[in-house]
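Notes follow once the structure below has been shown.
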Amino acid sequence: MLAVRYLALGDSYTIGESVDEAERWLNQLASLVESSPQIASQFGGIEGGVEVTIIARTGWTTDELWDGIQAQKINPPYDLVSLLIGVNNQYRGRDLEEYREQFVLLLNKSIEYAGGDANRVIVLSIPDWGVTPFAGDRDSKKIADEINQYNAVNRAETEKAGAHYIDITPVSREAVNDPSLIAGDGLHPSGKMYAEWARLALPVVLEILAK
């Protein structure tokens, strides 16, 4: 198999704020794919590895991600596209229906960048930052409820479009009892947490590449 071209779209969770580049969930995912026995047996490995292109920035909302995408040179089709966006919409108290509209635009663009193939797109749910030390003086139940609402939207729209949905929210909530899942800034995931996200995404990505 020739090099796998992977486009990752998102915010701080995609660029891996507060962790080394190799600890980002998408970089860990790329490493798992490259070393996969399934890929080795089926294709004899990946010549050139997984080429990761990232369009993401800490603090971006859905509309800011779209602005960021338009400022970059996109070179489709990509073999794999991931989308993880919405936590900053929730943090800023933005309207849920506005999120739906803008998320659908981003999802449709993701499918377009995957050569029009929704099967090559994965959407990750929004993690729950309400369990982090950063949110210690905030209403964690309110944050959880709002994130659940946002995730209900992105899950429904992802399934409607025929793309893949990876629910990483439950594992993100395990940080309430495991401080090692949080980076040194007290807010963002650690490399250990990102490893769990990569592990959850891996079977889906291997299935995508097998086709």
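The values are calculated or read from the model by the stated rules, or taken from the named source; none is laboratory data. Given the structure is predicted, the values throughout are model-derived calculations rather than measurements. We place every Cβ from the backbone using ideal geometry, glycine too, and count neighbours over all the protein chains shown.
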Looking only at the range 37-74, filter to residues that are at pLDDT below 95 and among the polar types (S, T, N, Q); which one of those is nearest to GLU97 (Cα to Cα)?
GLN38
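Taking LYS109, is it surrounded by fewer than 16 Cβ atoms within 10 Å (Cβ to Cβ), free of Cβ contacts under 8 Å to residues at least 60 places away in the same chain and of a type in the set (Lys, Arg)?
Here the answer is no, as LYS109 does not meet what is asked.
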When the range 31-56 is checked residue by residue, the ones that are farther than 21 Å from GLU21 by Cβ, touching a residue at least 12 places away in the same chain (Cβ under 8 Å) and in a helix (DSSP H, G or I) are GLN38, ILE39, GLN42, PHE43
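Is it the case that the range 51-72 has a residue that's aliphatic (A, V, I, L, M) and loosely packed, with under 15 Cβ neighbours inside 10 Å?
Step one: of the range 51-72, the residues aliphatic (A, V, I, L, M) are 52, 54-56, 65, 69, 71.
If we keep only those that are loosely packed, with under 15 Cβ neighbours inside 10 Å as well, we get 71.
Among the residues of the range 51-72, at least one is aliphatic (A, V, I, L, M) and loosely packed, with under 15 Cβ neighbours inside 10 Å, which makes the answer yes.
I need a count of the residues in the range 191-211 that are among the charged types (D, E, K, R), touching a residue at least 12 places away in the same chain (Cβ under 8 Å) and under 14 Å from LEU80 (Cα atoms). It would help to see each step written out before you state the result.
Going residue by residue through the range 191-211, those that are among the charged types (D, E, K, R) are 192, 196, 199, 207, 211.
Add one more test, that the residue is touching a residue at least 12 places away in the same chain (Cβ under 8 Å), and what stays is 192, 196, 199, 211.
Cutting the leftovers down to under 14 Å from LEU80 (Cα atoms) gives us 211.
Qualifying residue count, the range 191-211: 1.
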Any hit, the range 126-140, residues being crowded, with 21+ Cβ neighbours inside 10 Å, in contact with a helix residue (DSSP H, G or I) (Cβ under 9 Å, 6 or more places away or on another chain) and in contact (Cβ under 8 Å) with a residue 60 or more places away in the chain
yes
So, first residue without any contact (Cβ under 8 Å) to a residue 24 or more places away in the chain in the range 57-73, second residue surrounded by 12 or more Cβ atoms within 10 Å (Cβ to Cβ) and not basic (Lys, Arg), Cβ within less than 6 Å, six or more apart or across chains; the pairs are GLY68/ILE55; GLN72/ILE55
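Yes or no, residue by residue, for (1) buried (at least 20 other Cβ atoms within 10 Å of the Cβ); (2) closer than 16 Å to ALA114 by Cα; (3) of a type in the set (Ser, Thr, Tyr):
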position: ALA8; (1), (2), (3): yes, yes, no
position: GLU17; (1), (2), (3): no, no, no
position: GLU21; (1), (2), (3): no, no, no
position: ALA30; (1), (2), (3): yes, no, no
position: GLU34; (1), (2), (3): no, no, no
position: PRO76; (1), (2), (3): no, yes, no
position: ARG94; (1), (2), (3): no, no, no
position: GLU97; (1), (2), (3): no, no, no
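Yes or no, residue by residue, for (1) under 17 Å from the mean Cα position of the chain (by Cα); (2) surrounded by 13 or more Cβ atoms within 10 Å (Cβ to Cβ):
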position: ALA144; (1), (2): no, yes
position: THR169; (1), (2): yes, yes
position: ASN177; (1), (2): no, no
position: ALA198; (1), (2): yes, yes
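Okay, residues lined up against (1) at pLDDT 95 or above; (2) more than 15 Å from the chain's Cα centre (by Cα); (3) over 12 Å from GLY10 (Cα atoms):
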{"position": "LEU83", "(1), (2), (3)": "yes, no, no"}
{"position": "ARG92", "(1), (2), (3)": "yes, yes, yes"}
{"position": "GLU98", "(1), (2), (3)": "yes, yes, yes"}
{"position": "GLN102", "(1), (2), (3)": "yes, yes, yes"}
{"position": "LEU105", "(1), (2), (3)": "yes, yes, yes"}
{"position": "ILE111", "(1), (2), (3)": "yes, no, yes"}
{"position": "VAL121", "(1), (2), (3)": "yes, no, yes"}
{"position": "LEU124", "(1), (2), (3)": "yes, no, no"}
